[in-house]
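Nothing in this text is a laboratory measurement; each read-out follows from the coordinates by a stated rule. Nothing here was measured: the structure is a model prediction, and the numbers come from that model. Every residue, glycine among them, receives a Cβ derived from its backbone with ideal geometry; neighbour counts consider all protein chains shown.
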Amino acid sequence: MKVIRALVDEEGNVQVDLAGFVGEECAPVEEEFRRYLAELGLSVRVRSLRKKDPRSLLPSFQPKEKGEHRAR
C-alpha cells in the first residue's frame, strides 16, 4: 500500500513521509503533493530530502500471518 503521511508542527513546518514506494517512484508523487499544497495557498520550501535504505523497507512487504495486525 502506498501512503503519504504529512505531519504539521505548531510552527507550521510540514514533515512528509512517502511509504510503500520503490526507488525513485516517489519523486513525481512528492512533487505533485507539493503542487497540491501550493494550490491550497501553502508556501512550500524543501529543507531536506532523505532517501530510505531499501533494506529497511523489506519487513513492510512481508505478508501478514492470519490473525496478525500491525499498528499504524
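Can you compute 3J(HN,Hα) from phi for each residue in region 17-28, using the Karplus curve 6.51 cos²θ - 1.76 cosθ + 1.60 with θ = phi - 60°, rounded to whole Hz and x for Gly and Pro?
Result, ordered by residue: 10, 9, 10, x, 8, 10, x, 7, 4, 7, 4, x Hz.
Provide the gained length on full extension for the span residue 2 to residue 36, in nm with one decimal, where the gain is 0.36 nm per separating residue minus the Cα-Cα distance.
On the way: separation 34, 0.36 × 34 = 12.24 nm, distance 1.76 nm.
Extending this stretch completely gives an extra 10.5 nm.
With θ taken as phi - 60° and the coefficients 6.51, -1.76 and 1.60, list the Karplus ³J(HN,Hα) couplings across region 32-49 in order, rounded to whole Hz; mark glycine and proline as x.
Whole-Hz 3J(HN,Hα) from phi for region 32-49: 5, 5, 4, 4, 4, 4, 5, 4, 7, x, 8, 7, 10, 10, 7, 8, 7, 10.
With r as the distance between the Cβ atoms of residue 45 and residue 24 and R0 = 25 Å, compute the FRET efficiency 1/(1 + (r/R0)^6) and round to 0.05. Don't jump to the answer; show the numbers that get you there.
On the way: r = 22 Å, r/R0 = 0.87.
Efficiency, from the Cβ-Cβ distance: 0.70.
Evaluate the Debye formula for region 3-45 with equal point scatterers sitting on the alpha carbons, no solvent, and hand back log10 of I(q)/I(0) at q = 0.25, 0.32 Å⁻¹, in q order, two decimals.
At q = 0.25, 0.32 Å⁻¹ the computed log10 ratios are -0.95, -1.21.
Just to confirm the filter: which GluC sites (Glu not before Pro) across region 1-45 are DSSP coil and have at most 13 other Cβ within 10 angstrom of their Cβ?
Values: sites: 10, 11, 24, 25, 30, 31, 32, 39; in loops: 10, 11.
Hits after loop and neighbour filter: 10, 11.
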